[in-house]
Amino acid sequence: MENDPDAIAAGIAGQENVTELWHLADRRVAAGDAAFVVDLGIALWRRYGGEDVRAPWQYRSIFDRVVRLLALSPGTVADAVRLMHTVGAGRTVRFAAALLASGHGAAADLGAALGAGAPAELRACLMHELVLRGVAADVGWAGEPWWREHPLAWLPAALTPLEGRPEVPHYTLSGRGGSIPHEDSTALEEGGPAAPVRETTTPDAAAAIGAAVDNWAGESNGSVAAHTYALGAPLRPGAVAATLRSLGLECLQELGGVGSGTAGNAWGQLFVAASSGGAYNAGEYGAYGRLAAWRSVGALAGAPAGATAAEVEAAALASDWYGFSGASGWFQGVAWDIGLATVAPGGRRLAILAATDTD
């Protein structure tokens, strides 16, 4: 049975412990037989429906080990690519791209995963996983039609001043080391009455503002509040807290501290939220997490639909950014809390994003 991937795949359901199968895969890779591990991954994927959430935990555990082994081990990049040809697209490909970028420091080591022989989705995700880690990937397909139509093609080909040096996870065979969203703002002294406001929230605007934390609400225990308002008068920093309280939102009741922040810190919080997920999910991984963070920042800053990344960045840097914390029961206060308020250039549009998650 140890030499028959199909038989192994058929026999995992009902097992109380799959550690020995982890070790079997480890031994095969160490012995130079990564092809067997690829075949095992393919057999598992086909038998249990790939990303089907109803698949048994034994499958998810062993398949996760297989993907990590092939993506992180020296000399097995081409084997990881062969497995991804069976996978095709979806979260697993995003995960594999993040692993490959984390485990291999140079784009030259990843030629098999970036070249024309690799699945298009893997190439697209891997390129931006490398960008996030400050690694330039000189790809020859950037002008091809499939890439021009890909959603990730909207992203800058190198890190921008808005993004700075993003916090990206480091992956191992057994886990992931990363961070949680953290605010960095300067406390504001309150003074002055609330500015007059009129709510202008639309479903599209709320969805765009909340793009980076949508995974918290959809896949974990999170809650998200996203709103826009027209300001009847310019909003001065000292009146931000009073204006937020006047909105009547549950997430702003018993408002805690309010501070002056930066577009860069806001982007960083949103990127971590999107790429790493909340309490009970893995997020969108780096490439699509980067895209979601840009989408949220652009919507908060009032950038028009169809704006380029340069236009979004200009709007974000010209906006006034504030961070807030809530003392109300709406915020879980565990580890995953975000409170952002933005006044767009011109001073007549206020946008709010509050998000929280818990284990």
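One line per residue, one yes/no per condition, for (1) surrounded by 19 or more Cβ atoms within 10 Å (Cβ to Cβ); (2) within 18 Å of Val93 (Cβ to Cβ); (3) modelled with pLDDT of 95 or more:
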| site | (1), (2), (3) |
| --- | --- |
| Val18 | no, no, no |
| Val38 | yes, yes, yes |
| Tyr48 | yes, yes, no |
| Val53 | no, yes, no |
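Screening Ile8 with (1) open to solvent by less than 20 Å² (accessible area, probe 1.4 Å); (2) at pLDDT 90 or above; (3) in a loop (DSSP other than H, G, I, E, B) gives one miss only, at (3). I'd like to know if region 273-292 contains one or more residues that are in a helix (DSSP H, G or I) and charged (D, E, K, R). Yes, region 273-292 contains at least one residue that is in a helix (DSSP H, G or I) and charged (D, E, K, R).
When Gly191, Gly298 are checked against the criterion of being touching a helix residue (DSSP H, G or I) at 6+ places or on another chain (Cβ under 6 Å), part of a loop (DSSP other than H, G, I, E, B) and of a type in the set (Gly, Ala, Ser), a single residue qualifies: Gly191.
Within region 201-230, being of a type in the set (S, T, N, Q), touching a residue at least 60 places away in the same chain (Cβ under 8 Å) and open to solvent by 30 Å² or more (accessible area, probe 1.4 Å) holds for Asn221, Ser223. Residue pairs whose Cβ atoms lie under 6 Å apart, sitting 6 or more positions apart in sequence or on different chains, and linking a residue in region 170-192 that is among the polar types (S, T, N, Q) to a partner that is exposed (fewer than 15 other Cβ atoms within 10 Å of the Cβ) and not in a loop (DSSP other than H, G, I, E, B), are Ser185/Ser260; Thr186/Ser260.
The C-beta contact set for region 38-55 (first residue among the acidic types (Asp, Glu), second residue open to solvent by 20 Å² or more (accessible area, probe 1.4 Å) and not in a helix (DSSP H, G or I), distance under 9 angstrom, 6+ apart or interchain) comprises Glu51/Gly90. From the list Ala242, Ala233, Ala266, which residue is farther than 21 Å from Val197 by Cα and either open to solvent by 10 Å² or more (accessible area, probe 1.4 Å) or outside any loop (DSSP other than H, G, I, E, B) (or both)? Result: Ala266 is the single residue among Ala242, Ala233, Ala266 that is farther than 21 Å from Val197 by Cα and either open to solvent by 10 Å² or more (accessible area, probe 1.4 Å) or outside any loop (DSSP other than H, G, I, E, B) (or both). Would region 172-187 turn up any residue that is farther than 19 Å from Arg123 by Cα and at pLDDT 90 or above? Taking every residue of region 172-187 in turn, at least one turns out to be farther than 19 Å from Arg123 by Cα and at pLDDT 90 or above. Scan region 55-73 for residues that are of a type in the set (A, V, I, L, M), within 22 Å of the chain's Cα centre (by Cα) and either at pLDDT below 95 or open to solvent by 20 Å² or more (accessible area, probe 1.4 Å) (or both) and jot them down. The one that is of a type in the set (A, V, I, L, M), within 22 Å of the chain's Cα centre (by Cα) and either at pLDDT below 95 or open to solvent by 20 Å² or more (accessible area, probe 1.4 Å) (or both): Leu72. Taking the criterion of being in contact (Cβ under 8 Å) with a residue 40 or more places away in the chain, open to solvent by less than 20 Å² (accessible area, probe 1.4 Å) and either farther than 17 Å from Ala108 by Cβ or touching a Cys at 6+ places or on another chain (Cβ under 6 Å) (or both), the residues of region 74-91 that qualify are Leu83, Val87. Take Ser276 and tell me if it is within 29 Å of Arg94 (Cβ to Cβ), in contact with a helix residue (DSSP H, G or I) (Cβ under 8 Å, 6 or more places away or on another chain) and touching a residue at least 24 places away in the same chain (Cβ under 8 Å). Yes; evaluated as a whole, the condition is true for this residue. The single residue among Ala97, Ala112 that is buried (at least 16 other Cβ atoms within 10 Å of the Cβ), at pLDDT 95 or above and assigned to a helix (DSSP H, G or I) turns out to be Ala97. Can you name the residue in region 116-158 that is assigned to a helix (DSSP H, G or I) and among the acidic types (Asp, Glu) and is also least open to solvent (accessible area, probe 1.4 Å) among such residues? Applying the filter and picking the extreme gives Glu129. For residues that are out of contact with any Leu (no Cβ under 9 Å at 6 or more places or on another chain), over 19 Å from Ala266 (Cα atoms) and outside any strand (DSSP E or B), scanning just region 159-188, find the one that is least open to solvent (accessible area, probe 1.4 Å). The residue in question is Gly175.
Please indicate, with yes or no, whether at least one residue in region 213-226 is part of a helix (DSSP H, G or I) and among the aromatic types (Phe, Trp, Tyr). Yes, that holds for at least one residue. Of everything in region 305-358 that is small (Gly, Ala, Ser) and in a strand (DSSP E or B), the residue that is farthest from Ala279 (Cα to Cα) is Ala351.
The values are calculated or read from the model by the stated rules, or taken from the named source; none is laboratory data. This one's a predicted model, so the numbers in the text were calculated from it and none came from an experiment. Methodologically, a virtual Cβ is constructed for each residue, glycine included, from the backbone with ideal geometry; neighbour enumeration extends over all protein chains shown. Protein only, heavy atoms only, side chains kept; ligands, DNA and RNA dropped before computing areas. Shrake-Rupley method; radii C 1.70, N 1.55, O 1.52, S 1.80 Å.
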